[in-house]
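I have placed the structure first, in the form of structure tokens, so that the comments after it can refer back to it.
The values are calculated or read from the model by the stated rules, or taken from the named source; none is laboratory data. Computed from a predicted structure; not experimentally measured. Cβ placement follows ideal geometry from the backbone for every residue including glycine, while neighbour counts extend to all protein chains displayed. Just so you know, the surface numbers come from the protein's heavy atoms only, side chains and all, with ligands and any DNA or RNA stripped out. Shrake-Rupley method; radii C 1.70, N 1.55, O 1.52, S 1.80 Å.
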Amino acid sequence: MADADAGFRHISVQELAAHEGQEVILKGWLYSKRGSKHLLFLMLRDGTGLVQCVVAADSVDVDTWRIADEATQESALVVTGKVIADERQTGGVELVVSSLKLVGESEGYPITPKEHGVDFLMSHRHLWLRSRLPWAILRIRNRLIVAIHTFFQERGFLQMDAPILTGNAVEGTSSLFELDYFDEKAYLTQSGQLYGEAMAMAFGRIYTFGPTFRAEKSKTRRHLTEFWMIEPEMAFFDLDTTLDLAEDLLVYTIGEVLEHCSEELTMLERDPARLECVRKPFPRISYTQAVALLRSDETADMLAARIQALEEENAALSEELAVNRNRYGQSKKSERRRLDAREIAIHRRTGEIAEALQNLPVWKASARSFEWGSDFGGSDETVLTWHFDRPVMVHRYPAAVKAFYMKRDPDDARLAMALDVLAPEGYGEVIGGGERATDLAFLEEQIAAHQLPKEAFEWYLDLRRFGSVPHAGFGLGLERMLTWIAGIDHVRETIPFPRLMGRIAP
RNA sequence: UCCUCGGUAGCUCAAUGGUAGAGCAUGCGGCUGUUAACCGCAGGGUUGUAGGUUCGAGUCCUACCCGGGGAGCCA
């Protein structure tokens, strides 16, 4: 590609270290600026990374100095300069600028390097994407997607695209987005699974990777109305081989993230040790065992200890706050700023603690009195995961809480051969699936029992009429998994433009 | 749908029912190695909306609007 700005091409920040000692061209945006009267430090952002560009008044022409001096946050710049090693910089190099060119002005950029609230950031998501944390998270997302495809492709799985528009409501219309399809009702897909089963009978092993829509009015840190799901479906797989696959998938993809995204994890202050312990074997417990664990003294003691630890932390923070306020009056300005920042941090943490202290006793009571037969609530899953340092796989759920197409446990007709994988640290369900029913008569009964329109499932029942085989699969929520990997507290930051209840823009 | 917390300067937050403030951002001035740079000065407000109580409301009451996260449901 010809470059109008110079006789040689521009390179990316990522490539800088390989060009040490050379004159190069960078193109990007001004992330932040510091400096004094005759020396400016421009942090340049180009999408691949950040680098400090040093502009000295006595070694550049007047125009370049003026551009550097007047450049505002997010101005687009072409920077020419020499790459030099500087161990104080995060990338190990900085650029000594020889000339600057302004490509695009930027007046009054709303997102400052300081703190912002959630609502403000969400309303400016189109610009927020340029900031460091979204950068780190979405780069991990990309790595995770590549790793998932690689994992399945290397194991002989065929990627398939399930339809996004569907005609039949599988699991109740309340959670489906309805739309008009040439005067017929249609819905946005909730799952590609039934189509995946058809493809598995044609290709053996397949996986879908596509968007999924849920119209549930859920305003929590775990819910999006539009999210991406990976759904493998395998002919001749049973519950155990499917658990093996889920385990291998998580171990492989997290290994890839650890190998390729250490810089991103560091930016997110995510301790890699939390991910390094995701190794085989994952604990596998039955639903019945999980219920016993929830109701156990062990769980009650663990939760009591958590409550006590939070109360102690709360007391310590209150004390620190009082001490800081006493010191405030006699402090210098710089010290006051530090105290202000600390006070905000303490406020935030005490808010979190207050919320946890409100929730934990409720969760404790809920776990203690959990009745066999009901499905786990969000809090029950969270409590279960606190017992393990890696994902825990729960299998054989009461059939009543699972979908109609689940195979029954041959040893206990009350149970479905279902599986859930719960991520550690309270992140909860990232995978849900199981072995599918293979018997035509059983499925017909189930469809009737669930009061589903049989006509709509005739094509699905054909899969049992013509060479029905044992098969299984599961759904992996990409954003939930990424929330866990990144160690962040809300799923909305794991997708470029999150769709949430009450928020459809930008 | 229910529960709960919140809405004060462009942003993040203070303010016993009694003169609406700070930091950042912005503008101006100072500073040749800064890492959220620092130092000084300045401008910036219909306290979400509509009522009510009161000598007096950001603060108390009622309704509504908007947002946070929790329940239900789920990945």
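With the Cα gyration tensor of the range A:363-416 giving a ≥ b ≥ c as the square roots of its eigenvalues, does the rule (a/c under 1.5 for rounded; else a/b larger than b/c for prolate; else oblate) give rounded, prolate or oblate? Judged from the Cα gyration tensor, the range A:363-416 comes out prolate (a/c at least 1.5, a/b above b/c). Reported to the nearest whole Å, the Cα centre-to-centre distance from the range A:125-155 to the range A:438-471 is 38. Checking the Cα-Cα distances for A:Lys27/A:Lys101; A:Lys217/A:Lys454; A:Lys33/A:Lys101; A:Lys217/A:Lys407 against a 20 Å cut-off, the pairs over it are A:Lys217/A:Lys454; A:Lys217/A:Lys407. In order along the range A:436-452, the Karplus-derived 3J(HN,Hα) couplings, from 6.51 cos²θ - 1.76 cosθ + 1.60 at θ = phi - 60°, round to 8, 5, 10, 8, 4, 4, 4, 5, 4, 4, 4, 4, 5, 4, 8, 6, 9 Hz, and Gly and Pro are given as x. Among the chymotrypsin sites (Phe, Trp or Tyr not before Pro) within the range A:414-506, those in coil by DSSP and having at most 15 neighbouring Cβ atoms inside 10 Å are A:Phe466.
Once backbone amide H atoms are built at 1.01 Å from N, A:Ala416 has A:Tyr397, A:Ala399, A:Asp409 as its partners under 5 Å, excluding neighbours fewer than 5 places away on the same chain. Extension gain for A:Asp161 to A:Phe203 (0.36 nm times residue separation, less C-alpha to C-alpha distance): 13.8 nm.
How much mean residue ellipticity at 222 nm does chain A get from its helices, if each DSSP H run of length 4 or more adds -39500 (n - 2.57) and you divide by all residues, to the nearest 500 deg cm²/dmol? Taken over chain A, the calculation gives -12500 deg cm²/dmol. Against chain A, whose longest principal axis comes from its Cα atoms, helix A:132-154 is set at around 40 degrees. Neighbours of A:Phe157, meaning other residues whose beta-carbon lies under 13 angstrom from its beta-carbon, give a summed charge of -2 when Lys and Arg score +1 and Asp and Glu score -1. Computed from backbone phi, the HN-Hα couplings of the range A:471-477 come to 7, 7, x, 7, x, 10, x Hz, rounded to whole numbers (Karplus: 6.51 cos²θ - 1.76 cosθ + 1.60, θ = phi - 60°; Gly and Pro given as x).
The stretch between A:Ser131 and A:Trp372 holds 82.1 nm of extra length on full extension. This uses 0.36 nm per residue minus the Cα-Cα distance. Look at the dipole of chain A built from charges on Cβ: of A:Trp459, A:His38, A:Thr385, the Cα furthest out on the positive end belongs to A:His38. Taking θ as phi - 60° and the Karplus parameters 6.51, -1.76 and 1.60, the scalar couplings of the range A:199-214 work out to 5, 5, 6, 8, 10, x, 10, 9, 8, 9, 8, x, x, 9, 10, 9 Hz in sequence order, x denoting glycine and proline. Surface composition of chain A: carbon plus sulfur atoms contribute 52% of the solvent-accessible area (1.4 Å probe, protein chains only, all chains present).
Under unit Cβ charges (Lys, Arg +1; Asp, Glu -1), what dipole magnitude, rounded to 20 debye, does chain A have relative to its Cα centre?
1260
The amide H of A:Val93, built 1.01 Å from its N in the peptide plane, has A:Asp86 as neighbours under 5 Å, considering only residues 5 or more places off or on other chains.
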